[in-house]
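The values are calculated or read from the model by the stated rules, or taken from the named source; none is laboratory data. Fair warning: this is a prediction, and the values are worked out from it, not measured in the lab. Note that each Cβ is placed from the backbone with ideal geometry, even for glycine, and that neighbours are counted across all protein chains shown.
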Amino acid sequence: MRTFVHQQTLALLRRFALNVTRAARSGSPDTVHDLRVSIRRLSRCLRVFSKFYAGGEAKKLRRRIRKLMNACARVRDRDVAMTVLATAGYSANSAVMRRLRRDRANAAARLLALLAAWKQRGAAQKRRVELGI
């Protein structure tokens, strides 16, 4: 079982690292969404299989990626709101849409700063070692 857990965790860490890189490059709605999905999957894996990792490291990583998830959520929430409003017939030039675009740009800038920090630290490789994989 331990081998299976480590293989799955390693695959999820690789997907997470790939999505960090992609989101850092483009910051598009699709890449932010993909990053959120990879964070959710990794987080669930770390929670469900916590007993298979070196002491407390899974919990520490979950806490760290939660901050990244929150930053992604702030961007993604604006993306979804703009899509819903556009579908409802709001003009791209309406006050609410302009405000959402501005808020998204600010949230995206904060997210990109966090992603740059993750990439600089080589977070995925470091976490793999800490988890004992």
Exercise. Condition test on residue 104, is it more than 16 Å from residue 42 (Cα to Cα) and in contact (Cβ under 8 Å) with a residue 24 or more places away in the chain?
Worked result: yes
For this session: Output yes when any residue across segment 22-44 is over 19 Å from residue 119 (Cβ atoms), in contact with a His (Cβ under 9 Å, 6 or more places away or on another chain), at pLDDT 95 or above and surrounded by 15 or more Cβ atoms within 10 Å (Cβ to Cβ), and no when none is.
Result: no
Seminar exercise, completed: Restricted to segment 84-103 and to residues being charged (D, E, K, R) and out of contact with any helix residue (DSSP H, G or I) (no Cβ under 8 Å at 6 or more places or on another chain), the residue nearest to residue 29 (Cα to Cα) is 102
Exercise. Looking at 75, 20, 48, which is the one that is farther than 30 Å from residue 132 by Cβ and of a type in the set (Val, Ile, Thr)?
Worked result: 75
